[in-house]
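Below: one structure, written as structure tokens.
Readers should treat all values here as calculations from the given coordinates under stated rules, not as data from a laboratory. Quick caveat: nothing in here was measured; it's all calculated off a predicted structure. Every residue, glycine among them, receives a Cβ derived from its backbone with ideal geometry; neighbour counts consider all protein chains shown.
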Amino acid sequence: MARTRLYRDGKLELEDFPVADISEHVEDAGATVWLDYCEPTQEDLATIASELSLHPLAVEDAVNEHQRPKLDRYETHLFINAYVVHLDAGSGELATSEISMFVTRHALVTVRKDEGVDIAPILRRWDESSDLAHNGVAFLLWGVLDEIVDGHFEAVQSLDTEIEELQDALFDTVAREAEVQRRSFELRKSLVLLRRLVLPMREVVNAVMRRDLHVIDGEMMPYYQDVYDHVLRATDWTESLRDLVTTILETNLAIQGNRMNLVMKKVTSWAAIIAVPTAITGFYGQNVPYPGFAAHWGFWFSSALIVVMSVGLYWTFRRRDWL
């Protein structure tokens, strides 16, 4: 189903009017049109392509999924592809939804590949900033990009919270090596995917702000600069978090190694203590005469020797923190 809006002279005039009327409205210099498609058919895109004279390659990119975030410039319009992200805090998995945009002089067309892109927050953003509506397409495009970038920033912030909890689990009194390792790989996977989507947005927003494209006027420029600042912060934050997850993985392995060394040290110390009575009883078990052979004092002497040497080894190991 298509959704439409018509702004005239900075005021919202019509909603949900027929798509066929778009070509008539865009002829008015004071009118700005927004059209939204969710999972459109080839016929739907062919209709709007003829209405706004869209380039076939741009229409093809809007149909095909898994395009990279980008901005393509054509003679009569711009084509922008971006991704909305949602982080599942429970599993650490990052869900992505693709959105494409056609930007003409008097119209903005958004094409959502699935229902994962919620249009309601974008509409709310436009309604809350209606005093900027007289800026036309620049205003509409700002609302969409700002919502997308804010979603990226929220995802990075959620990942940062998850990683902080992971850091606390590293030094928990109860060993959780397997959980930390599994969670680290899950978060690293999400960070790699998020970086792949956030990093190109820096070039997209920067390209939109170019004055030779004539998309943004002076009044909207500070708002786009704010979006660009959020993109840079999200990009830098993603990079730092990726390094931090790598550090957590390495630290977890180091802690496992240290704990294994401690266990081996204790096992070796106890084995050395146990070896003393084994050696003494083995010596006195020889079937040959020796001092104390076949005498009661020989038994008591060997028992005392076992106790004294075992206690001496235990005290020595404890003093050196081996036990």
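Of note:
- Within the stretch 57-109, tally of residues that are in a strand (DSSP E or B), hydrophobic (A, V, I, L, M, F, W, C) and touching a residue at least 40 places away in the same chain (Cβ under 8 Å): 15
- Pair list, Cβ < 8 Å and 6+ apart or interchain, from the stretch 250-272 residues that are under 30 Å from R188 (Cα atoms) to residues that are among the hydroxyl-bearing types (S, T, Y) and surrounded by 13 or more Cβ atoms within 10 Å (Cβ to Cβ): N252/S184
- Looking across the stretch 28-52 at every residue that is in a loop (DSSP other than H, G, I, E, B) and out of contact with any His (no Cβ under 8 Å at 6 or more places or on another chain), the one that is farthest from S100 (Cα to Cα) is identified as G30.
- Of all residues in the stretch 47-56, those that are loosely packed, with under 15 Cβ neighbours inside 10 Å and in contact (Cβ under 8 Å) with a residue 12 or more places away in the chain total 1.
- Any hit, the stretch 172-191, residues being surrounded by 14 or more Cβ atoms within 10 Å (Cβ to Cβ), more than 29 Å from N81 (Cβ to Cβ), hydrophobic (A, V, I, L, M, F, W, C) and in contact (Cβ under 8 Å) with a residue 60 or more places away in the chain: yes
- Highlighted here are the helices (runs of 4 or more DSSP H) found entirely within the stretch 116-209 that include at least 3 residues which are farther than 29 Å from L6 by Cβ: 137-170, 177-208.
- Filter result (touching a strand residue (DSSP E or B) at 6+ places or on another chain (Cβ under 9 Å) and in a helix (DSSP H, G or I)) within the stretch 210-222: L213
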